[in-house]
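Read the structure below first, then the notes.
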Amino acid sequence: GQCWVTMALSVGSWTKNTAVPLLSRLMRSDGNSGKLDAANVLIRAIAEKFTGRVTYVLIDAWFMKWPLIKKVLAYEFNVIGQVRKDTALYLIPEKIAGKRGAPRKMGNKIERNTIDALEESIEEAYVYGKYQTITYRSCICIARFMDKRKVRAIWTRFEDKNGKADKERLLISTDLNLDARSVVLIYGRRWGIESLFNQMKNFWGWKETWQQTRQTLHRWVQILSVAYR
């Protein structure tokens, strides 16, 4: 199952949504080789049909790399994804009147003390299949790995029923007009996609496939995906 890359569409309301498989592509060898290329192929295949109808592409942490993000942005979609919490982010540089020379493209690097100084929000919301207490801090900054593009960054934690917070996650949104709460809620819809992947790998018969060629297997998986819709 780890050799497949799948594009799915999240449908439904905030509290009741599911993921519908659109296209899947099988890697030619084990491991992650070629998965970014496969994701590019899937994006290119669906872009024309969904431009203007879908606003955001939710990207798994492993796929949050600039070559793929750049392709997604070129098709006029926005990206929301999780990145490593130690990803290098920088403040937007201040403009200094009268200073000679080219203006700075990035300000100071965002360190832990800068994050802790941001205003913290706490609320209960329906994310990842259940109501949870979430805490988050956010700011608009510059992501160096995204060719120094401005993004909204959100540092967030989820608390269990005993009030114990889990590890901190760092989310990135290319839509600067989207507030932090909306970014967290939208990315939370990935729960339905993870559930879909589990079904495809464990209940659709992928482990017992009998097809002898890659093309025939692709056709069989696509028939199953259409039947699921």
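Just a few scattered comments:
- Applying the condition of being among the aliphatic types (A, V, I, L, M) and modelled with pLDDT under 70 to segment 89-109 and asking which residue is surrounded by the fewest Cβ atoms within 10 Å (Cβ to Cβ) yields A97.
- Residue within segment 149-168 that is open to solvent by 50 Å² or more (accessible area, probe 1.4 Å), within 19 Å of V184 (Cα to Cα), at pLDDT 90 or above and in a strand (DSSP E or B) present: yes
- Residue match in segment 24-37 (condition: at pLDDT below 95, within 17 Å of F145 (Cβ to Cβ), open to solvent by less than 50 Å² (accessible area, probe 1.4 Å) and not in a loop (DSSP other than H, G, I, E, B)): yes
Conditions (1) open to solvent by less than 40 Å² (accessible area, probe 1.4 Å); (2) at pLDDT below 90; (3) in a helix (DSSP H, G or I); (4) on the phi < 0 side of the Ramachandran plot, marked per residue:
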site: V57; (1), (2), (3), (4): yes, no, no, yes
site: V72; (1), (2), (3), (4): yes, no, yes, yes
site: E76; (1), (2), (3), (4): no, no, no, no
site: D86; (1), (2), (3), (4): no, no, no, yes
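- Considered as a group, the residues in segment 197-229 that are out of contact with any helix residue (DSSP H, G or I) (no Cβ under 7 Å at 6 or more places or on another chain), open to solvent by 40 Å² or more (accessible area, probe 1.4 Å) and in a loop (DSSP other than H, G, I, E, B) include one that is modelled with the highest pLDDT, and that residue is T213.
The values are calculated or read from the model by the stated rules, or taken from the named source; none is laboratory data. All values reported here derive from a predicted model rather than from experimental measurement. We place every Cβ from the backbone using ideal geometry, glycine too, and count neighbours over all the protein chains shown. These area figures cover heavy atoms from the full protein model, side chains too; ligands, DNA and RNA do not enter into them. Shrake-Rupley method; radii C 1.70, N 1.55, O 1.52, S 1.80 Å.
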